[in-house]
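Peer 1: Just passing along the structure, written as structure tokens.
The values are calculated or read from the model by the stated rules, or taken from the named source; none is laboratory data. Keep in mind it's a predicted model, so treat the numbers as computed, not measured. Backbone-built Cβ (ideal geometry, glycine too); neighbour counts: all protein chains shown. Keep in mind that these areas ignore ligands, DNA and RNA; they rest on the heavy atoms of the full protein, side chains included. Shrake-Rupley method; radii C 1.70, N 1.55, O 1.52, S 1.80 Å.
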Amino acid sequence: MESQPPGFQPRTFSVKLWPPSASTRQMLLERMAKNLSTESIFSRKYGLLSKEEAFENARQIEETCFVIANDHFENEPDGDGSSAVQLYAKETSKLILEVLKRGPRQKEDVEVTPNNATSVVPHKTVFDISGGRRDFLEADEARELLSPLTEDGNAYTKICFSNRSFGVDAARVAEPILKNLSKQLLEVDLSDFIAGRPEDDALEVMRIFSSALENCGLKYLNLSNNAMGEKGVRAFEALFKSQNHLEELYLMNDGISEEAAKALCELIPSTEKLRILHFHNNMTGDEGGVAISEVLKRSPQIEDFRCSSTRVASEGGIALAEALGTSTHLKKLDLRDNIFGVEAGIALSGTIEKHGGLTELYLSYLNLEDEGAIAIFDALRKSDSRLEILEIAGNDITAKAVPHLTAYLSAKQTLKKLSLSENELKDEGAVLIGKVLEDSNPQLKELDFSTNAVKRVGARCLARAAVTNKPDFVLLNIDGNAISEEGIDEVKEILKSAKRYVNVLGPLDENDPEGGGEDDGDENDEEDEKDDDGDEEENEDDVDSKLQNLSFQ
């Protein structure tokens, strides 16, 4: 090794992530403009922006967020810029969402600038302290942090205090400030704002904020991640009882027990305008599910209902299903990870059949079994809905239910995502479903068939379904099965032969090539191993005969 000259210092390299190059900023601008002008769930609700308005929105959002992130970077000159990049991404996402939810500007709302541009980015309408360090907030820091809210003529309509833990003294600093804003506040996010506080202090903080916000005409309220329980729900009594215009309510991960759910039903007097109710990860149980069903009965405008991971069993599931039948506007329904069982699944099918506007349906891990799943598939086939997402994983569904699913897939060709993972569909189900999907649902982008005891034959059929008449397909998940190495090679070859589909295969870390014994989906497979084409043809002929015999009323 050659010696270095005296005083030699090795060159060190430092990678700076900020500022982004002009080409990167332009690429982001174009991507945002495309997102803003492309049809989505938001455009269906609020209207679709023209390409011109979308580009102008994107330009002003990018410029605004670049300034915010650059100021942050200059205050941390020794950093590598990663935090500035994260802030840049976070702020752009937030403002894009606001523009999407605002919808296209009406002509009378257009503000003409000297350059004849439309003013689109909300200036100082959102006050958000969630991006700072996660800490305990006391009076002095609260006074300084909330000072912009005390400025005369401020236009804040949304506040976000998430990720900061308010003590009693800090809450008392906030109280008069919030009362002064009561006539203009429309959206309040108090998620995770009492973390780590003793129960008595936390309840007092809730009561202070409840009183301070009592006279606001809120459209959006987020109280998630606060371990409220019944005491916490009742601490917000003044706030709940005063709200007559709520459109969105989020109560996720709040420790909502049966008693707390009953308290909510009692304290929320008006939900006539409620469109979104999210109630994820609580301890609601059957009686709590019945109480929430009463809230649903008073919510005729509900569009998006989430009641996942709430320990609701059959009685509560049936009550929720019946209550959802009173609304005619439901678009998104998420009931995952409960203990519904077959009877609740059948009750839910009757509700689903009524909802022609349903676009997203999440029914995984509900113990539906074949009977409940069949009722759901039949209801979807009979309904007028144009479902785009169906997740029904982990329900012990076998090939017995597959003809009902394939009948639905043939009749309704609108799915973009289908998840059937963690069932017992095996090769028989995979072959039937794969064969039908080859000729249907051209919009399909994702198919999850993981953990279904699928072997070589089924995997090949699913691969062909992914590459046939699916121009936007992006993900085939067949992990967690028992596909032989030869079968995996064949799947990859099918995808490779279709060129643009070569990267759609998901990870195979959990696949067990030896876990299923012999690998053609047949007990006696020696002849099939000698002639793969023969076994494939025989299986597919069998599929065709089964499909021809399908008949449902």
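Peer 1: Can you list residue pairs whose Cβ atoms sit under 8 Å apart, with the first residue in region 85-104 being closer than 19 Å to Lys51 by Cβ and the second being open to solvent by 50 Å² or more (accessible area, probe 1.4 Å) and modelled with pLDDT of 80 or more? Count only pairs 6 or more apart in sequence or on different chains.
Peer 2: Taking only residues 6 or more apart or on different chains, the pairs are Ile96/Asn35; Pro104/Ser50.
Peer 1: Residues that are under 23 Å from the mean Cα position of the chain (by Cα), at pLDDT 95 or above and buried (at least 20 other Cβ atoms within 10 Å of the Cβ): does region 257-269 have at least one? Walk me through how you get there before you give the answer.
Peer 2: Within region 257-269, the subset under 23 Å from the mean Cα position of the chain (by Cα) is none.
No, that holds for no residue.
Peer 1: Next question. Would you pick out the residues in region 239-298 that are of a type in the set (A, V, I, L, M), within 19 Å of Phe209 (Cα to Cα) and out of contact with any Asp or Glu (no Cβ under 8 Å at 6 or more places or on another chain)?
Peer 2: Leu246, Leu249, Leu251, Met252, Leu264, Ile268
Peer 1: In region 337-357, what count of residues is obtained for those that are over 19 Å from Ile374 (Cβ atoms) and either open to solvent by 50 Å² or more (accessible area, probe 1.4 Å) or basic (Lys, Arg) (or both)?
Peer 2: Total meeting the criteria: 2.
Peer 1: Find the residue count for region 389-408, including only residues that are open to solvent by 40 Å² or more (accessible area, probe 1.4 Å) and under 15 Å from Ser419 (Cα atoms).
Peer 2: Count: 2.
Peer 1: Here's another thing I want to ask about it. Of all strands (runs of 3 or more DSSP E) completely enclosed by region 132-184, which ones contain at least 2 residues that are without any contact (Cβ under 8 Å) to a residue 60 or more places away in the chain and touching a Phe, Trp or Tyr at 6+ places or on another chain (Cβ under 6 Å)? So that I can check it myself, show each step before the final result.
Peer 2: Values: elements: 135-137, 158-160, 164-166.
Answer list for region 132-184: 164-166.
Per-residue answers, yes or no, for (1) within 30 Å of Thr359 (Cα to Cα); (2) in contact with a helix residue (DSSP H, G or I) (Cβ under 6 Å, 6 or more places away or on another chain); (3) modelled with pLDDT of 80 or more:
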site: Gln4; (1), (2), (3): no, no, no
site: Lys16; (1), (2), (3): no, no, no
site: Glu52; (1), (2), (3): yes, no, no
site: Ile61; (1), (2), (3): yes, yes, yes
site: Thr64; (1), (2), (3): no, no, yes
site: Ile68; (1), (2), (3): no, yes, yes
site: Gly79; (1), (2), (3): no, no, no
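Peer 1: Quick one: which residue in Glu56, Glu91 is at pLDDT 65 or above and in contact with a strand residue (DSSP E or B) (Cβ under 9 Å, 6 or more places away or on another chain)? Let's see the steps before the verdict.
Peer 2: Numbers: Glu91 fails: in contact with a strand residue (DSSP E or B) (Cβ under 9 Å, 6 or more places away or on another chain).
Of Glu56, Glu91, the one residue that is at pLDDT 65 or above and in contact with a strand residue (DSSP E or B) (Cβ under 9 Å, 6 or more places away or on another chain) is Glu56.
Peer 1: Go through (1) of a type in the set (Val, Ile, Thr); (2) open to solvent by 10 Å² or more (accessible area, probe 1.4 Å); (3) without any contact (Cβ under 8 Å) to a residue 40 or more places away in the chain and name the single condition Val454 misses.
Peer 2: Failed condition: (2).
Peer 1: Also, I was wondering about something else. Six or more apart or on different chains, Cβ under 6 Å: which pairs go from a residue in region 236-262 that's under 16 Å from Phe305 (Cα atoms) to one that's charged (D, E, K, R)? Could you list them?
Peer 2: Glu247/Lys219; Glu247/Lys273; Glu247/Arg275
Peer 1: Among the residues of region 239-254, are any open to solvent by 10 Å² or more (accessible area, probe 1.4 Å) and under 22 Å from Phe340 (Cα atoms)?
Peer 2: yes
Peer 1: Also, I was wondering about something else. Exactly one condition in (1) small (Gly, Ala, Ser); (2) over 22 Å from Leu274 (Cα atoms); (3) open to solvent by less than 70 Å² (accessible area, probe 1.4 Å) is false for Ala227; which is it?
Peer 2: For Ala227, the exception is condition (3).
Peer 1: Among (1) farther than 23 Å from Ala379 by Cβ; (2) at pLDDT 95 or above, where does Asn469 come up short?
Peer 2: Checking Asn469 against (1) farther than 23 Å from Ala379 by Cβ; (2) at pLDDT 95 or above, the one that fails is (2).
Peer 1: Across region 472-498, what is the number of residues that are crowded, with 18+ Cβ neighbours inside 10 Å and either over 18 Å from Glu510 (Cβ atoms) or at pLDDT below 95 (or both)?
Peer 2: Looking only at that region, the number is 4.
Peer 1: Something else now. Any residue at all in region 119-131 that is charged (D, E, K, R), at pLDDT 50 or above and open to solvent by 60 Å² or more (accessible area, probe 1.4 Å)? First the steps, then the outcome.
Peer 2: The initial filter retains those residues of region 119-131 that are charged (D, E, K, R), namely 124, 128.
Those left that are additionally at pLDDT 50 or above: 124, 128.
Subsequent filtering for residues that are open to solvent by 60 Å² or more (accessible area, probe 1.4 Å) retains 124.
Looking through region 119-131, at least one residue is charged (D, E, K, R), at pLDDT 50 or above and open to solvent by 60 Å² or more (accessible area, probe 1.4 Å).
Peer 1: Can you tell me which residue is nearest to Leu274 (Cα to Cα) among those in region 365-379 that are touching an Asp or Glu at 6+ places or on another chain (Cβ under 9 Å) and surrounded by 24 or more Cβ atoms within 10 Å (Cβ to Cβ)?
Peer 2: Within region 365-379, the match that is nearest to Leu274 (Cα to Cα) is Leu366.
Peer 1: Take region 270-279 and flag every residue that is buried (at least 18 other Cβ atoms within 10 Å of the Cβ) and modelled with pLDDT under 95.
Peer 2: Thr271, Phe279
Peer 1: If you scan region 281-290, which residues turn out to be within 17 Å of Leu324 (Cα to Cα) and either assigned to a loop (DSSP other than H, G, I, E, B) or open to solvent by 10 Å² or more (accessible area, probe 1.4 Å) (or both)? Can you show your working first?
Peer 2: At the first step, the residues of region 281-290 found to be within 17 Å of Leu324 (Cα to Cα) are 286-290.
Asp286, Glu287, Val290, listed by residue number.
Peer 1: Please find, within region 306-321, the residue that is surrounded by the fewest Cβ atoms within 10 Å (Cβ to Cβ) out of those that are more than 16 Å from Gly350 (Cα to Cα) and not aliphatic (A, V, I, L, M). Quick ask: steps written out before the conclusion?
Peer 2: The initial filter retains those residues of region 306-321 that are more than 16 Å from Gly350 (Cα to Cα), namely 306-313.
Pick out the ones that are also not aliphatic (A, V, I, L, M) and you get 306-311.
Details: Arg306: 20, Cys307: 27, Ser308: 21, Ser309: 20, Thr310: 25, Arg311: 18.
Ranking the candidates gives Arg311 first.
Peer 1: When you check Leu190 against the structure, is it farther than 26 Å from Thr284 by Cα, modelled with pLDDT of 95 or more and either open to solvent by less than 30 Å² (accessible area, probe 1.4 Å) or not hydrophobic (A, V, I, L, M, F, W, C) (or both), yes or no?
Peer 2: On the way: farther than 26 Å from Thr284 by Cα: no; modelled with pLDDT of 95 or more: yes; either open to solvent by less than 30 Å² (accessible area, probe 1.4 Å) or not hydrophobic (A, V, I, L, M, F, W, C) (or both): yes.
When the stated conditions are applied, Leu190 does not pass them.
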